[in-house]
Amino acid sequence: MSLVHLYGLALLAAIVSGRTPSDLQHQKSLRADINEASYSRNVGACPGYSLQSLVESDVGFIAELELAGPACNAFGQDIESLGIQVTYESQSRLHVKIYDSANQQFTIPESVVARPAAPSSSYRASSDLVFNYDASPFAFWVTRQSEPDEAPLFDTRTSSLPPTPISPVIQNDNSTALDGFPFVFEEQYLQVTSALPRGTNLYGLGEVIASSGFRRDIGTDGGVGTIQTMWSRDIEDPIDENMYGAHPVYLEHRFNSKTNKSSSHGVLLLSSSGADILLLTPPNSDVSLIEYRMLGGILDFYFFSGPTPNNVIEQYGAVTGYPMWQPAWGFGFHLCKWGFHNISEVRDNIEQMRAANIPLEVQWNDIDLYHEYRDFTSDPISYPGDEMRALIQELESNHQRYIPIVDAAVAVTVNSTDVYDPYTKGVKDDVWIKNPDGSLYIGSVWPGYTVFPDWFSEKVQPFWTEALRNWTKMGIEFSGIWLDMNEVSSFCSYSCGSANTSASVPYNNTQLETDYPECYNSTISGPSGNMTVNGVSTNSCATNTSSSSLVKRGVGAGQEPNVNLNNPPYTIHNGFPGLSNHTLATNATHAGGYVELDVHNLWGLMEEKTTHLAVQDIIPGKRPFLISRSTFPSSGRWTGHWLGDNYSKWQYMYLSIQGVLQFQIYQIPMVGPDTCGFLGNTDEELCNRWMQLSAFFPFYRNHNTFGAIPQEPYRWPSVADASRIAIAARYSLLPYWYTLFANASMAGSPPVRALFFEFPDEPELFTVDRQWLVGSDILVTPVLTPGATTVDGIFPGRGSVIWRDWYTHSVVNANVGTNTTLDAPLSHINVHIRDNSALLLHQQPAYTTYETQQGPYSLLLSLSKDGEAFGTSYVDDGISYPPGPSRTVIFRVKNGALNIETEGVYDIKQRLETVTVLGVHQPTQVTLQGQGIQGWTYLEAQQKLVVSNVTIDLNQGITLQWS
């Protein structure tokens, strides 16, 4: 939940603190002729570097880079001597590392983000990527061996960039004035610029809610360009600003209009430094550009050759690590609310869900659970431990689960009589972040004064594991953990108390939410949120379009009033004034001598890893389930993600699609929004549509804020109906979802895909972010505007693909290459099946995933024009960690025959009882293993053959034929 939403900006100071200098910085700071006043803040005169002492090897080369002229000291002190290491790590991955020779600049430790092992053989000749360079001034460009005549994938040569100086490209933001494009490597400022094809298609560089959509604005097609800031912060979902996580990776997709073919590649700059990354197209320029402006660290680039979007994502995952194995129950429906006042309300909610027959897989608790908002506690009056244990065990007996919240900050005790073991044990074990003078860094969050775990401490893992284990002993027997506020967030700027100071008063929340969605007027229609009141519609919008007033912010927060521009000398465009605002001060210190300025963006990742290992220890043999807010490259190895504190607005339902698509690129596929919205009040129609939409996202949770009207799906009959229909479809598809995530965990394949991921040569799809694909075979087209009874959507394939309706199995009569209007009455979401697909389904969706899994399977085959289909299904017990025995079932249809092959040792007990074949001519006979069977029907309208009442063992190969 957002602190800004509740406290406002009035608390927050605007002073930026400098970091503790490294040895190199300290030595240079002693030079009287170098001080901040001498910084030119103009890179135009920077000399660049010259490459020397190159040493070739089978895997690449290493060399030195020496400053090529007098230091310019634009935003810091130029580092005179650098090293460069170029490594061809695989046929599709090139690693380029540029670092200070003295190794004083911060580099992400291997213990935080593990890197791939050094290549055991040479890929230099076979790699599709080629590293090219000019020695003086040093510049490099990366090309494809397979396309030597095409524009470089990355090109830092000034001759490839527009002439400078260039006036501010983004009006009213002087920082977008481009004085020059030299390679700059200073202790607090690094800059490198690459040319891009004008108007290229670029995706990623987040976490962000971009007003331009999933495709980033690079300053063409009516856009102004983008300044993407990498500085994690706690903020209710803003548009075009930095937010919870930092992911300096992008996927670029280039289309060749001459050949009508496309190719994708990716670029990762593995750095936790605060940064601005600019995507701009200067006036009259025939190229666009990307410019990195880093507040420190090194340049650690990875280039991925693709050439398909899915390939790029998989190759990125090979560097950062593939996503964690999800427990099967994690794909069920989750429900939460900030504002369950006591355990009785939670129990009543669980009972109401069952009475309405709306499946509930996991019940969550927000900070209402805590005693005085303290981590690892439960309120002795509202949530007594013994009653919580009984409730959780009752859920478990019904094959349901329970997840509580864990906030990032830990309360400081009030006085000597205050007993709170997590704090006192943490002091004893020395696991808290410090001030530069060695005293405890004290912030202020929900419980009052707080301390913050130092994930670099050698003792923090056993401390954190013990705290979570003790919590379970007190009754909170969790199945998973929800990590919040881990940007990290603090109500006050800088260390605002001391260990000898009485703790501040815990937060007392009494506010009520008064906002409703755009088309609902509570002053006229009352506070129920119902679609009709006394038979009259409450929809006040005249048309079927959203009337949201949210607009793109004025780019350039770094130049706005009250922003400290002194330290660091270059001011990134943090959405809050200063870097220490609403978070830890940048001079807070960590074990190992690290300072917050360098490691700020790593805090959430390190908490996720520590918590994942703790849960694995506490619940041995089972897969941890985590959902976290702040993320960084490799977070997906340890956690999933929800899209943060969104709004109960139609626009935010739409915006959630780009969020889910972004996190597929980032290898954090278990992702979804707060369904029906978190902030403000939802209404019946919005919640109806949102419950349908989120049923086709990986993480499916309804959650809203304190003081808002209740939005559990049973509250409105139409929402209850929509939820039952959507969840039934979701639970039918659980084998498909599970297989997609198994493929993600084994090979990094994205479970959710933008349409162009699967159809890369169709330019009309490059900006589509109002639809998406689940895997390669399920197309989702939701209603995203109030009052609508139809929806427009495009069907990829340009007529070469047959799309069939999920519910009716009828072939859609789609327009080729343009939108098709589809009927979309309330409670209906359009879902279509791609041809040439074979989907193993649960035949009888039940109340929980466990009960659903106990029933039989069905198989849905959607044939292509030539009568073929293919699909696989991965099956294991869905819970074991590490994954145990498994079985992969392979389905192939050709020449009127379904062949089922099976590999593995896991014993699938449930049988396949129904096979549905779409797109087949009416047969005269059907045989199973050569024996004629009678239990089949044929529907001419859908060209549908249904073979029922069979008992097929999926542990054995079989053949089903029709003729």
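The values are calculated or read from the model by the stated rules, or taken from the named source; none is laboratory data. These numbers come from a predicted model, not from an experiment. All Cβ positions, even for glycine, are placed from backbone atoms using ideal geometry, and neighbour counts span all protein chains on display. Ligands, DNA and RNA are stripped out before the accessible areas are found, and what is left, the full protein with its side chains, is counted by its heavy atoms. Shrake-Rupley method; radii C 1.70, N 1.55, O 1.52, S 1.80 Å.
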message: What's the number of the only condition in (1) surrounded by fewer than 24 Cβ atoms within 10 Å (Cβ to Cβ); (2) in a helix (DSSP H, G or I); (3) at pLDDT 95 or above that Gly558 fails to meet?
response: (3)
Count of residues meeting criterion [open to solvent by 10 Å² or more (accessible area, probe 1.4 Å), part of a loop (DSSP other than H, G, I, E, B) and more than 27 Å from Glu685 (Cβ to Cβ)] in the range 634-665: 1
message: Within the range 175-193, does at least one residue satisfy the condition of being touching a residue at least 24 places away in the same chain (Cβ under 8 Å), in contact with a strand residue (DSSP E or B) (Cβ under 6 Å, 6 or more places away or on another chain), open to solvent by 20 Å² or more (accessible area, probe 1.4 Å) and closer than 19 Å to Ser285 by Cα?
response: no
message: I want to confirm something. Restricting to the range 238-254 and keeping residues that are of a type in the set (D, E, K, R) and open to solvent by 10 Å² or more (accessible area, probe 1.4 Å), which single residue is farthest from Leu205 (Cα to Cα)?
response: Arg254
task: Hey, can you tell me all the residues within the range 137-173 that are more than 19 Å from Val184 (Cβ to Cβ), outside any loop (DSSP other than H, G, I, E, B) and not aliphatic (A, V, I, L, M)?
output: Thr143, Arg144
- line: A careful count of residues in the range 673-729 that are hydrophobic (A, V, I, L, M, F, W, C), over 24 Å from Gly526 (Cβ atoms) and open to solvent by less than 10 Å² (accessible area, probe 1.4 Å) gives 8
query: Which of the residues belonging to the range 905-953 are in contact with a Gly (Cβ under 6 Å, 6 or more places away or on another chain) and among the hydroxyl-bearing types (Ser, Thr, Tyr)?
result: Ser948
- line: Counting only residues that are surrounded by 19 or more Cβ atoms within 10 Å (Cβ to Cβ), touching a residue at least 60 places away in the same chain (Cβ under 8 Å), hydrophobic (A, V, I, L, M, F, W, C) and not in a strand (DSSP E or B), the range 402-453 contains a total of 6
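One residue is enough: does the range 357-379 have a residue meeting the conditions under 30 Å from Gln692 (Cα atoms), surrounded by fewer than 15 Cβ atoms within 10 Å (Cβ to Cβ) and either of a type outside the set (Gly, Ala, Ser) or touching a Gly at 6+ places or on another chain (Cβ under 7 Å) (or both)?
yes
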- request: Residues that are β-branched (Val, Ile, Thr): find the strands (runs of 3 or more DSSP E) completely inside the range 876-957 holding 2 or more of those.
  value: 887-894, 897-904, 912-918, 926-928, 944-947
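So, in the range 200-254, how many residues would count as being assigned to a loop (DSSP other than H, G, I, E, B), among the hydrophobic types (A, V, I, L, M, F, W, C), under 15 Å from the mean Cα position of the chain (by Cα) and more than 26 Å from Ser167 (Cα to Cα)?
Residues flagged as assigned to a loop (DSSP other than H, G, I, E, B), among the hydrophobic types (A, V, I, L, M, F, W, C), under 15 Å from the mean Cα position of the chain (by Cα) and more than 26 Å from Ser167 (Cα to Cα) within the range 200-254 amount to 5.
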message: Let me confirm something: among Tyr494, Tyr507, Tyr516, which residue is buried (at least 21 other Cβ atoms within 10 Å of the Cβ), of a type in the set (Ser, Thr, Tyr), modelled with pLDDT under 85 and part of a loop (DSSP other than H, G, I, E, B)?
response: Tyr516
task: Among the candidates Phe456, Phe478, single out the residue that is open to solvent by less than 40 Å² (accessible area, probe 1.4 Å), in contact with a His (Cβ under 7 Å, 6 or more places away or on another chain) and modelled with pLDDT of 95 or more.
output: Phe456
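Out of Ser776, Ser800, Ser810, Ser749, which single residue is of a type in the set (Ser, Thr, Tyr), more than 28 Å from Cys676 (Cβ to Cβ) and buried (at least 21 other Cβ atoms within 10 Å of the Cβ)? Let's see the steps before the verdict.
Values: Ser776 fails: buried (at least 21 other Cβ atoms within 10 Å of the Cβ); Ser800 fails: buried (at least 21 other Cβ atoms within 10 Å of the Cβ); Ser810 fails: buried (at least 21 other Cβ atoms within 10 Å of the Cβ).
Only one candidate passes the filter, namely Ser749.
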- request: Name, by its number, the condition in (1) in contact with a strand residue (DSSP E or B) (Cβ under 7 Å, 6 or more places away or on another chain); (2) open to solvent by less than 20 Å² (accessible area, probe 1.4 Å) that does not hold for Val768.
  value: (2)
- request: Give me a count of the residues in the range 579-596 that are under 24 Å from the mean Cα position of the chain (by Cα) and not in a loop (DSSP other than H, G, I, E, B).
  value: 1
task: Look through Val783, Val774 and report the one residue that is touching a Leu at 6+ places or on another chain (Cβ under 9 Å), farther than 26 Å from Thr308 by Cβ, modelled with pLDDT of 95 or more and among the aliphatic types (A, V, I, L, M).
output: Val783
message: Testing Asp134 on (1) open to solvent by 30 Å² or more (accessible area, probe 1.4 Å); (2) part of a loop (DSSP other than H, G, I, E, B); (3) among the acidic types (Asp, Glu), one condition comes back false. Which one is that?
response: (2)
task: Would you mind stating whether Ser111 is at pLDDT 95 or above, open to solvent by 40 Å² or more (accessible area, probe 1.4 Å) and under 30 Å from Leu597 (Cα atoms)?
output: yes
field: Residue count for the range 361-401, restricted to those that are within 30 Å of Arg730 (Cα to Cα) and part of a loop (DSSP other than H, G, I, E, B)
entry: 5
message: For the condition assigned to a loop (DSSP other than H, G, I, E, B), of a type in the set (A, V, I, L, M, F, W, C) and without any contact (Cβ under 8 Å) to a residue 60 or more places away in the chain, what is the one hit in Phe697, Phe706?
response: Phe697
task: Taking Ser288 as the residue in question, decide whether it is among the polar types (S, T, N, Q), within 22 Å of the chain's Cα centre (by Cα) and open to solvent by less than 10 Å² (accessible area, probe 1.4 Å).
output: no
task: Using the structure shown, decide if Ser862 is surrounded by fewer than 22 Cβ atoms within 10 Å (Cβ to Cβ) and out of contact with any Phe, Trp or Tyr (no Cβ under 8 Å at 6 or more places or on another chain).
output: no
- prompt: Could you say whether any residue in the range 302-315 is in contact with a Pro (Cβ under 8 Å, 6 or more places away or on another chain), over 29 Å from Pro760 (Cα atoms), assigned to a loop (DSSP other than H, G, I, E, B) and open to solvent by 10 Å² or more (accessible area, probe 1.4 Å)?
  reply: no
statement: If we keep only residues of the range 325-371 that are among the polar types (S, T, N, Q) and in contact (Cβ under 8 Å) with a residue 40 or more places away in the chain, then the residue nearest to Asn646 (Cα to Cα) is Asn365
task: Can you confirm whether the range 849-858 contains a residue that is farther than 20 Å from Thr937 by Cα, in contact with a Lys or Arg (Cβ under 9 Å, 6 or more places away or on another chain) and buried (at least 16 other Cβ atoms within 10 Å of the Cβ)?
output: no
query: How many residues does the range 865-875 hold that are open to solvent by less than 50 Å² (accessible area, probe 1.4 Å) and not in a loop (DSSP other than H, G, I, E, B)?
result: 5
